[in-house]
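First comes the structure, then the notes that go with it.
Please treat every number below as a calculation from the coordinates, not as lab data. None of the values given here were measured: they were computed from a predicted structure. For neighbour counting, all protein chains shown are included, and Cβ atoms are generated from backbone atoms with ideal geometry for every residue, glycine included.
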Amino acid sequence: MNGVTGRMGYRQHLVRSVLAINAEGGVRLADGGRVLLRPVLVGRSETKLAALAAEHDIADHTTDLASALADPDNVIYFDAQVTQARVKSVLQAVEAGKHVYAEKPVAASVTEAVTLTRAVRRAGVKNGVVQDKLFLPGLLKLRRLIDGGFFGRILSVRGEFGYWVFEGDWQAAQRPSWNYRAEDGGGITLDMFPHWQYVLENLFGPIKSVYAHATTHIPQRVDELGAGYRATADDAAYGIFELEGGVVAQINSSWSVRVNRDELVEFQVDGTEGSAVAGLRGCRVQHRSATPKPVWNPDLPATVSFRDGWQEVPDNAEFDNGFKTQWEMFVRHVVEDAPFPHDFAAGTRGVQLAELALRSAAEGRRVTVEEL
């Protein structure tokens, strides 16, 4: 596990996935057997790795990736490093014959992502990319509505994601400073558009075109050491996507917006028979038969509480941590060849959408998404 000293690598992948899986007795296989995971922590800081290993009673840690890859007992390589460092390390793992699982974006450019995809195919190793949003309770409920035909013909999708990330001067920023430097692989388009690609593709259909506007609203920030720096990466991106079948999606992504939503991300789906608003955990619906009939009259106050006309979708199931669920899927993929559709090719399509969105923003035009 390379990159576990970072926020996501530690909290979601090590603690809430791998260690949680072991605490439950391992990954359950189709034949009833279980597989335990033996994490080997890899990173640049011996001090940080040793502290994590001691805190969680983990036997193995190293700053030498080559030695970890040379160990035949290490079967899977996982990468949660900063994006710029990922390609070189993943290629090392592939050359060592390891199955590879990586955070998104799988690379910083389509060219690099295609290189990785070709490399894993030539080597014949199992490969996967994290696509955690598909396993959020809110989106699982949305998937249930789609499969049940609740919406009729889906017309549009509107997404809002983001929150205010402090500039780092009078309050510390809650994201690392490299996110705001393009030269270090930062930018909200590269960070979030791969998410939107797999969410839209898996729930509503392939993306045919993108029109995007990316901007840097906060040009000056303060880093972790208290030094000011110029933000060279986009901190907000506004996208319009045309999907196969005529569905139109609009998604705003921003680290410079104050939240006036129930959750940090929400998707509203409108169809001929009904609508839904899904967030991280919740999902509310309004059927055609229960839709109010508002009339535009700015001279009078609204007489209807529109939010009261929506009904909460019940859980009807126990929802596990999405990262953990996908880890279990990937382990089954490696051990018993169970299906795992979220491979490097799927991850490459996410990088492609981010790259095309940035091109659209730079050229001020709609860009067609060609099949790779």
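Here the 3J(HN,Hα) profile of the range 64-81, calculated from phi with Karplus coefficients 6.51, -1.76 and 1.60 at θ = phi - 60°, is 9, 4, 4, 5, 5, 6, 6, 6, x, 6, 8, 8, 10, 10, 10, 10, 10, 6 Hz, Gly and Pro shown as x.
For Leu155, the residues 5 or more places off, or on other chains, whose built amide H falls under 5 Å of its own are Asp270, Gly271, Thr272. The Cα atoms of the range 23-73 define a convex hull whose projected area, averaged across directions, is 4.5 nm². Using a simple spin-label model with pseudo-atoms 7 Å out from Cα toward Cβ, Arg118 and Asp262 lie 4.8 nm apart.
Set the Förster distance to 30 Å, then compute FRET efficiency between Glu363 and Arg288 from the Cβ-Cβ distance, nearest 0.05.
Working: r = 40 Å, r/R0 = 1.34.
About 0.15, to the nearest 0.05.
Taking 0.36 nm per residue of separation and subtracting the Cα-Cα distance, full extension of the segment from Arg11 to Asp169 would add 54.3 nm. Highest average first, the peptides 349-362, 8-21 ordered by how many other beta carbon atoms sit within 10 Å of their residues are 349-362, 8-21. With no solvent and one equal point scatterer per Cα, compute the Debye intensity ratio I(q)/I(0) for the range 119-245 at 0.13, 0.20 Å⁻¹ and report its log10, rounded to two decimals. The Cα Debye sum returns log10 ratios of -0.73, -1.14. For the range 248-372, taking Cα atoms only, Rg and Dmax work out to 20.3, 66 Å respectively. Taking all Cα pairs closer than 8 Å and separated by 6 or more residues, the relative contact order of the chain comes to 21 percent. The antiparallel fraction among DSSP beta bridges confined to the chain stands at about 70%. Summing Lys and Arg as +1 and Asp and Glu as -1 over all other residues whose Cβ lies under 13 Å from the Cβ of Leu155 gives a net charge of 0.
Overall, the ratio between the Cα radius of gyration of the range 316-372 and 2.2 N^0.38 Å, rounded to two decimals, is 1.64. Here the residues Glu201, Glu244, ranked from fewest to most Cβ neighbours within 10 Å of their Cβ, fall in the order Glu244, Glu201. Ordering of 338-344, 322-328 by packing is 322-328, 338-344, highest average first (other Cβ atoms within 10 Å, averaged per residue). Kindly state, to the nearest 0.05, the FRET efficiency for Asp270 paired with Glu183, given R0 = 51 Å and r defined as their beta-carbon distance. After rounding to 0.05, the efficiency reads 0.80.
Exposure proxy for Asp184, Asp262: other Cβ atoms within 10 Å of each Cβ, ordered fewest to most, give Asp262, Asp184.
Ignoring lysines fewer than eight residues from Lys104 along the same chain, the ones with Cα atoms less than 16 angstrom from its Cα are Lys88, Lys133, Lys324. For the range 343-372, backbone nitrogen atoms closer than 13 Å to the point 7 Å from Thr111 Cα along Cα-to-C-beta are found at no residue. When both the range 288-355 and the range 91-169 are represented by their alpha-carbon centers, they are found 14 Å apart. The mean sequence distance of close C-alpha pairs (under 8 Å, at least 6 residues apart), as a share of the length of the range 152-264, puts its relative contact order at 38 percent. On full extension, the segment bounded by Asn252 and Asp320 gains 21.8 nm, given 0.36 nm per residue less the C-alpha separation. Largest mean-square fluctuation among Thr63, Thr232, Thr47, in a Gaussian network model of the chain whose springs join Cα atoms under 10 Å apart, belongs to Thr47. Inter-label distance, Gln84 to Asn22: 3.2 nm, where each label sits 7 Å from its Cα along the C-beta direction.
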